[in-house]
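See structure below.
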Amino acid sequence: MKKIYSILTLSFFILMSISIFSCDKDKDTEPDVNHCAVLGEAYVEALTAYINDLSNSEKCEIFLQAAQDYINGCDLLTPELKAEIQEQIDDADCSK
């Protein structure tokens, strides 16, 4: 009888462990909306500052970094939007 309880207890703990670890994986695979919002805000601020002063190479570099961070760090962006932002990066001239 003790052997049956031991097997049932062990099975219970194994099933609980599997369910806990599977829940953690689901959380990790979902895109982080707050992180995207922070990156998007930084991108918009850097783009606005750069557009208002196109001859400032420092603002250009900040824009390039913010745009690249936004592309790389936000899984919610569509491929079309990523391509559009990449085009902005490619068109930026920081040599002025």
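If you filter region 50-78 down to residues that are hydrophobic (A, V, I, L, M, F, W, C) and assigned to a helix (DSSP H, G or I), you find that the one that is nearest to the chain's Cα centre (by Cα) is Ile71. Within region 54-79, being free of Cβ contacts under 8 Å to residues at least 24 places away in the same chain, of a type in the set (A, V, I, L, M, F, W, C) and open to solvent by 60 Å² or more (accessible area, probe 1.4 Å) holds for one residue alone: Ile62.
Looking across region 86-96, the residues that are under 20 Å from Asn56 (Cβ atoms) and surrounded by 13 or more Cβ atoms within 10 Å (Cβ to Cβ) come down to Gln88, Ile89, Ala92, Cys94.
The values are calculated or read from the model by the stated rules, or taken from the named source; none is laboratory data. On a predicted model such as this, the values are computed, not experimentally measured, just so you know. Cβ: placed from backbone, ideal geometry, glycine included. Neighbour counts: every protein chain shown. Just so you know, the surface numbers come from the protein's heavy atoms only, side chains and all, with ligands and any DNA or RNA stripped out. Shrake-Rupley method; radii C 1.70, N 1.55, O 1.52, S 1.80 Å.
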